[in-house]
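Below: one structure, written as structure tokens.
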Amino acid sequence: MLSDASLGRSHRSKPGKAKLKAVIDECRAILGLPDDYRIGIVPASDTGAVEMALWSMLGARGVDLFAWESFGAGWVTDTVKQLKLEDVRIFKAGYGQLPNMNQYDGSRDCVFTWNGTTSGVRIPNADWIPADREGLTICDATSAAFAMDLAWDKLDVTTFSWQKVMGGEAAHGMIVLSPSAVERLETHTPPWPMPKIFTLAKGGKLIEGIFEGATINTPSMLAVEDFLDTLAWGKSIGGLKGLILRADANAASINDWVERSDWITHLAVDPATRSNTSVCLIIKDAWFKTLGDDDQAATAKKVATLLEQEGVALDIGAYRDAPAGFRIWAGATVETSDLQALFPWLDWAFAQVKASA
Ligand SMILES: Cc1ncc(COP(=O)(O)O)c(C=O)c1O
């Protein structure tokens, strides 16, 4: 795989730039992006991509922020505490719920996360975004891209990273811009200092090179090669359709087990909002519910630790700010048969921990 990798060369050399451009072109093809949307590789993974959008584009009009778990809450903090924007409306929901997205009327900018990775709650669609909106929609789609149908006509800025559904190595993020987003970049000058790694426009013009593979700073060409390999795999299994089918089948197999279980359930309350990538589960067992918060967290942790010790599952504990439970990755790189092998182990581990309590 590495025989023709552009390693030990400048990323600005002809072969280096061609590799970066290939990442852009392959993403465009698999995701089915409209021809007039730009797609660029930018610094600092998904966080870098979201923050460069917030820093570059917000402030031109009021902004509506929708948050229902930790990552969405982070974008609220950026907007309110870092950028100190005042004309802000915040729509929040707790873990497991979605705020009423219909509160967005299109007159303002809007920031939201397509798939809340730490609660396993996703928006089922983008029907709540008016087609004739005046504001920009800025969507963190990092655990949604390549696993869910993203409504490109409703998204002005979309970001994601390489290491989620496609299973690449973490490095740069990706940013997708609609023509309206480009117009904002070319007409709006933010009042705050702009770090070089967030700069998408200069002198009222978009820096087009970024969208042709001339990255702002130096990427890992090894990670680039790895991502190209994952994209080739994605294409080989049927592109976006194949990727979505795999994630859907994985999520369905988890759901089948949950439905049969007497001790576990979904954190996402409404089935229509349940993620097909980051499936978050909580414990509904009657004994478990009598425990205090700390003991509940310790119990879930013991189950995860036991499975790790047995070499069965790694990193399946709930995110640190989320309710105690488990988060099982169901993205396209996961084999359904591996998930099916996991379920009896989870039943066993919980029974062990409960019996020894
Ligand atoms: C919804 C969401 N946003 C942002 C991030 C941060 O991603 P990155 O580490 O690529 O910056 C994550 C990581 O899990 C995420 O799931």
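Would you mind giving the three semi-axes, in whole Å and largest first, of the ellipsoid equivalent to segment 49-92 according to its Cα gyration tensor?
Working: eigenvalues 46, 32, 14 Å².
Semi-axes from the Cα gyration tensor: 15, 13, 8 Å.
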Using a 10 Å cut-off on Cβ atoms, rank the peptides 83-94, 51-62, 105-116 from the highest mean neighbour count down. 105-116, 51-62, 83-94
Filter the DSSP H helices in the chain by two things, a Kyte-Doolittle mean of at least -1.0 and an axial alpha-carbon span of 30 angstrom or more, and list the hits by number. 239-260
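Find the all-direction average of the projected area of the Cα convex hull for segment 272-357, expressing the result in square nanometres with one decimal place.
Details: hull surface 24.8 nm².
Over all viewing directions, segment 272-357 projects a mean Cα-hull area of 6.2 nm².
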Gap in Å between the Cα centre of segment 119-150 and the Cα centre of segment 306-321? 30 Å
Would you grab the residues whose amide H sits under 5 Å from the one on Ala44? Only those 5+ places off in sequence or on another chain, please, with H modelled 1.01 Å from N. Gly173
Quick one: putting +1 on the C-beta of Lys and Arg, -1 on the C-beta of Asp and Glu, what dipole do you get for segment 141-270 around its Cα centre, in Debye to the nearest 20? 340 debye
Go through Gly96, Ala223, Pro190 and say which Cα lies farthest out towards the positive end of the charge dipole of the chain; charges sit on Cβ, +1 for Lys and Arg, -1 for Asp and Glu. Pro190
Considering the Cα positions of segment 44-203, please state its Rg to one decimal place and its Dmax as a whole number of Å. 14.5, 44
Quick one: Cα centre-to-centre distance for segment 202-264 and segment 7-32, in angstrom? 16 Å
Leaving ligands and nucleic acids out of the surface, order Asp256, Asp262, Asp78 by accessible area at 1.4 Å, largest first. Asp262, Asp256, Asp78
Taking every alpha carbon pair in segment 1-74 and sorting the distances into 5 angstrom bins from 0 up to the bin holding the longest one, the percent per bin comes out as 3, 11, 14, 18, 19, 15, 9, 6, 4, 1, 0
With +1 assigned to the C-beta of every Lys and Arg and -1 to the C-beta of every Asp and Glu, and no other charges, what is the dipole magnitude of segment 280-357 about the Cα centre in debye, to the nearest 20? 200 debye
Can you tell me the order of 33-40, 334-341 when each peptide is scored by its average per-residue count of other Cβ atoms within 10 angstrom, highest first? 33-40, 334-341
Rounded to two decimals, the Debye log10 I(q)/I(0) of segment 71-164 (Cα scatterers, no solvent) at q = 0.11, 0.12, 0.18 Å⁻¹ is -0.30, -0.36, -0.85
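To the nearest 20 debye, what charge dipole does the chain have about its Cα centre, counting +1 at the Cβ of each Lys and Arg and -1 at the Cβ of each Asp and Glu?
Values: 34 positive and 45 negative charges, 145 e Å.
In debye, rounded to 20, the chain gives about 700.
Taking only the alpha-carbon atoms of segment 172-270, what semi-axes of the equivalent ellipsoid follow from 5 times the gyration tensor eigenvalues under a square root, in whole Å, largest first? Write out the running numbers ahead of the final one.
Numbers: eigenvalues 311, 86, 37 Å².
Ellipsoid semi-axes (Å, largest first): 39, 21, 14.
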Which far-off residues, 5 or more places away or on another chain, put their amide H under 5 Å from the one on Asp64, with H placed in the peptide plane? Arg89, Asp109, Cys110, Val111
Cα convex hull of the chain: how many Å³ per residue? 143 Å³
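Please report the antiparallel percentage of the DSSP beta bridges confined to the chain, to the nearest 5.
Details: 23 of 38 bridges.
Antiparallel bridges make up about 60 percent of those DSSP assigns within the chain.
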Heads up, segment 142-222 by the C-alpha gyration tensor (a ≥ b ≥ c square roots of eigenvalues; a/c under 1.5 rounded, else a/b over b/c prolate, else oblate) looks oblate
With point charges of +1 on the Cβ of Lys and Arg and -1 on the Cβ of Asp and Glu, referenced to the Cα centre of the chain, which listed residue (Thr142, Ala330, Ala349) lies farthest in the positive direction of the dipole? Thr142
Amide H neighbours of Ser278 under 5 Å, at least 5 residues apart or on other chains, H built in the peptide plane: list them. Ala330
Label point 7 Å out from Asp295 along Cα-to-Cβ: which residues of segment 342-357 have amide N under 11 Å? 357
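The values are calculated or read from the model by the stated rules, or taken from the named source; none is laboratory data. Every value quoted in this text rests on a predicted model; they were computed, and no experiment measured them. Glycine gets a Cβ as well: all are built from the backbone with ideal geometry, and neighbour counts include every protein chain shown. Ligands, DNA and RNA are excluded from the accessible area calculation, which covers all protein heavy atoms including side chains. Shrake-Rupley method; radii C 1.70, N 1.55, O 1.52, S 1.80 Å.
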